[in-house]
Amino acid sequence: MPHQYSANSESVESVYPLSSLALTPGKRVALLLGYEGAKYHGWQAQNSGVASVQAELERALSKVADQPIQVVCAGRTDAGVNATQQVVHFENPPSRSPHSWVMGANHFLPDDIAIQWAGGVADDFHARYTATSRVYRYVIYNHPVKPAWAHGSVTWIHPRLEEHRMHVAAQFLLGENDFTSFRGSDCQSHTPFRNVSRVSVTRKADLVIVEIEANAFLHHMVRNIVGTLLQVGMGKQEPEWVKEVLGAKKRCKAGVTAPASGLYLVKVRYPKDCAIPDLPFGPFFLQD
């Protein structure tokens, strides 16, 4: 564990808005957590026993509760995918404070998973179904030389990318559309339609960031969109090509699936009365 400095340090409560709501037995609890996905076979716990974020989180929460805890998440991320603001909920069988859930569970969690906030929510709050939209960021390290750091946190692309062309191309994805061309082959969704409300491609020094918000996402949808936009950014296709790919409704027409390492779930939006705090998107190295 890294050394924790205490002198002149801010309290957790001054940095993160921990809920002061007293949690009684049976009260539903929501958590915000972040994780690096490089060591995990995705969010979902599996019968095979392979490493997963869900299994680690439930193990830590169960130790705090002194009984088994099962959680429901806002969106199941794939193997290698990161999150800065995953949202989960669970029932609060013992009487524990929000502070106890955060600090207690973090004590038992590995260094690459951390709870940032805990609070009581309404009994009908559901981390997945109450959400109104999700925001993902895809982070590309665009430099001729490979990075010596953050291999599980960014995707390295060495040809110079024209992010302005990528941004123009991405605007063809706005609105409610059939995203079959960007759908993974093992996607289990009953419909290929999703509503993209916002998408942008920007540069910050050597980092190119693709940010996309939608009501929900198909399996591999963001990574397939990024793989397609990269063809435009490298000058291999014109921006209008993305419109053709979307209209084709065939996965074979789009670009290859971009690596998982650069993808982050950075925000899950809920109605204001849910009282889920509005924290910076992340990852931290993108914050001013």
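The values are calculated or read from the model by the stated rules, or taken from the named source; none is laboratory data. Just so it is clear, the model here is predicted, and its values are computed rather than measured. In this analysis, Cβ positions are derived from the backbone assuming ideal geometry, glycine residues included, and neighbour counts consider all displayed protein chains.
Here are the numbers for this structure:
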quantity: Residue list for the range 233-244, filter: part of a helix (DSSP H, G or I) and under 20 Å from residue 155 (Cβ atoms); calculated: 233, 242
quantity: Members of the range 263-279 that are out of contact with any Gly (no Cβ under 9 Å at 6 or more places or on another chain) and either among the hydrophobic types (A, V, I, L, M, F, W, C) or modelled with pLDDT under 95 (or both); calculated: 272, 273, 274, 278, 279
quantity: Tally of residues being under 25 Å from residue 141 (Cα atoms) and buried (at least 21 other Cβ atoms within 10 Å of the Cβ) across the range 219-251; calculated: 13
quantity: Boolean, residue 223 is part of a loop (DSSP other than H, G, I, E, B), closer than 19 Å to residue 259 by Cα and in the same structural domain as residue 144 (by TED's automatic domain parsing); calculated: no
quantity: Qualifying residue in the range 50-60 (condition: farther than 24 Å from residue 261 by Cα and touching a helix residue (DSSP H, G or I) at 6+ places or on another chain (Cβ under 9 Å)); calculated: yes
quantity: Residue that is farthest from residue 250 (Cα to Cα) [pool: residues in the range 200-211 that are touching a Leu at 6+ places or on another chain (Cβ under 9 Å) and surrounded by fewer than 22 Cβ atoms within 10 Å (Cβ to Cβ)]; calculated: 204
quantity: Elements of type strands (runs of 3 or more DSSP E) in the range 81-175, at least 1 residues being of a type in the set (A, V, I, L, M, F, W, C), buried (at least 20 other Cβ atoms within 10 Å of the Cβ) and modelled with pLDDT of 95 or more; calculated: 82-92, 113-120, 133-142
quantity: Answer from 214, 254 - the residue that is crowded, with 19+ Cβ neighbours inside 10 Å and more than 15 Å from the chain's Cα centre (by Cα); calculated: 254
quantity: Selection within the range 248-288 - touching an Asp or Glu at 6+ places or on another chain (Cβ under 9 Å) and in a helix (DSSP H, G or I); calculated: 253, 260
